[in-house]
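Structure, as structure tokens:
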Amino acid sequence: QSVLTQPPSVSGAPGQRVTISCTGSSSNIGAGYDVHWYQQPPGTAPTLLIYGNDNRPSGVPDRFSGSKSGTSASLALTGLQADDEADYYCQSYDSSLSTVVFGGGTKLTVL
Amino acid sequence: QLQLQESGPGLVKPSETLSLTCTVSGDSSLSTGSYWGWIRQPPGKGLEWIGTIFSDGRTYYSPSLKSRVTISVDTSKNQISLRLNSVTAADTAVYYCARQRSAAMVYFAYWGQGTLVTVSS
């Protein structure tokens, strides 16, 4: 049971928009800690996709965007492409557990 | 460009100690004020933070693993090491080392490719 809750799976057709939610609590996202997102294609290591809630590292296309409100955060992908198929993880910090926390991951399927 | 490479035994017996090394190259490697983490991922499951070490040797561990984990740094060799003792099958996972952005910005911008460690007799 992850401290940050993500839907197990989402799907969308090429060109469509999908969002992935990340729900936390008052000791992590709600306490003001930043949310970060990682993309992990099958069989590969995670790569940083969004940092500090809504910032993209250089090289990440602007089809990817992040947002945060209250105790939740979201990752949005527009213009879905086949190579967006991957697992996506949110990450933050939890002050009551004193630990870095990850969401359980969301598998994105491009139909 | 910063590169991280994990290495170590792929098979460890139950109750023994798992030992891994992460060798860092490029981009000033283990520079002063840098932060390095270990994260693991059991097969088919999600990511779990193990701990973080600062380049000055200060460490922060996951409370759930703290009693069994030691992370150390050797700046002369540009290496970060992970030791996890008294392992069980539940410790079977891909182990990643990663560079944490800073003390305040707790995210991991660079990752190694990971190494699978299986705990089995």
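The values are calculated or read from the model by the stated rules, or taken from the named source; none is laboratory data. Since the structure is predicted, the reported quantities are computational estimates derived from the model, not experimental observations. Reconstructed Cβ throughout: ideal geometry from the backbone, glycine too, with neighbour counts over all protein chains shown. The area values use the complete protein model at the heavy-atom level, side chains included, leaving out ligands, DNA and RNA. Shrake-Rupley method; radii C 1.70, N 1.55, O 1.52, S 1.80 Å.
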Open item on the list: Residues that are hydrophobic (A, V, I, L, M, F, W, C), in contact with a Leu (Cβ under 8 Å, 6 or more places away or on another chain) and surrounded by fewer than 21 Cβ atoms within 10 Å (Cβ to Cβ): does region A:13-35 have at least one?
Closed with: yes
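Give me the residue from region B:1-14 that is open to solvent by 90 Å² or more (accessible area, probe 1.4 Å) and either in contact (Cβ under 8 Å) with a residue 60 or more places away in the chain or within 17 Å of the chain's Cα centre (by Cα) (or both) and, out of that set, farthest from B:L116 (Cα to Cα). Write out each step before concluding.
Within region B:1-14, the subset open to solvent by 90 Å² or more (accessible area, probe 1.4 Å) is B:1, B:3, B:11, B:13.
In the following step, the residues that additionally are either in contact (Cβ under 8 Å) with a residue 60 or more places away in the chain or within 17 Å of the chain's Cα centre (by Cα) (or both) were identified as B:3, B:11, B:13.
Numbers: B:Q3: 18, B:L11: 8, B:K13: 14 Å.
Out of the qualifying residues, it is B:Q3.
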TODO: Taking A:P46 as meeting all but one of (1) within 21 Å of B:V94 (Cβ to Cβ); (2) open to solvent by 30 Å² or more (accessible area, probe 1.4 Å); (3) at pLDDT 95 or above, write down the number of the exception.
DONE: (2)
TODO: Kindly indicate whether any position in region B:95-105 is more than 12 Å from chain A (Cβ to nearest Cβ), buried (at least 21 other Cβ atoms within 10 Å of the Cβ) and hydrophobic (A, V, I, L, M, F, W, C).
DONE: no
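Looking at region B:41-78 only, could you name the residues that are open to solvent by less than 50 Å² (accessible area, probe 1.4 Å), more than 14 Å from chain A (Cβ to nearest Cβ) and outside any strand (DSSP E or B)?
Narrowing region B:41-78 to residues open to solvent by less than 50 Å² (accessible area, probe 1.4 Å): B:41-42, B:46-47, B:49-55, B:57, B:61-62, B:65, B:69, B:71, B:73, B:78.
Add one more test, that the residue is more than 14 Å from chain A (Cβ to nearest Cβ), and what stays is B:54-55, B:57, B:73, B:78.
B:S55, B:G57, B:N78 - these are the residues of region B:41-78 that are open to solvent by less than 50 Å² (accessible area, probe 1.4 Å), more than 14 Å from chain A (Cβ to nearest Cβ) and outside any strand (DSSP E or B).
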Open item on the list: Could you go through region A:66-86 and let me know if any residue there is at positive phi, open to solvent by 40 Å² or more (accessible area, probe 1.4 Å), more than 10 Å from chain B (Cβ to nearest Cβ) and of a type in the set (G, A, S).
Closed with: yes
- [ ] Just give me the residues in region B:26-40 being open to solvent by less than 50 Å² (accessible area, probe 1.4 Å) and over 13 Å from the mean Cα position of the chain (by Cα), in sequence order.
- [x] B:G26, B:S29, B:L30, B:S31, B:G33, B:S34
Open item on the list: Among (1) within 12 Å of chain B (Cβ to nearest Cβ); (2) polar (S, T, N, Q); (3) in contact (Cβ under 8 Å) with a residue 12 or more places away in the chain, there is one condition A:T44 misses while meeting the rest; what is its number?
Closed with: (3)
Task: Among (1) in a strand (DSSP E or B); (2) out of contact with any Leu (no Cβ under 6 Å at 6 or more places or on another chain); (3) away from every other protein chain (no Cβ under 14 Å) - the single one B:T118 does not satisfy - done: (2)
TODO: Please go through region A:24-43 and pick out each residue that is part of a strand (DSSP E or B) and either modelled with pLDDT under 95 or aromatic (F, W, Y) (or both).
DONE: A:W37, A:Y38
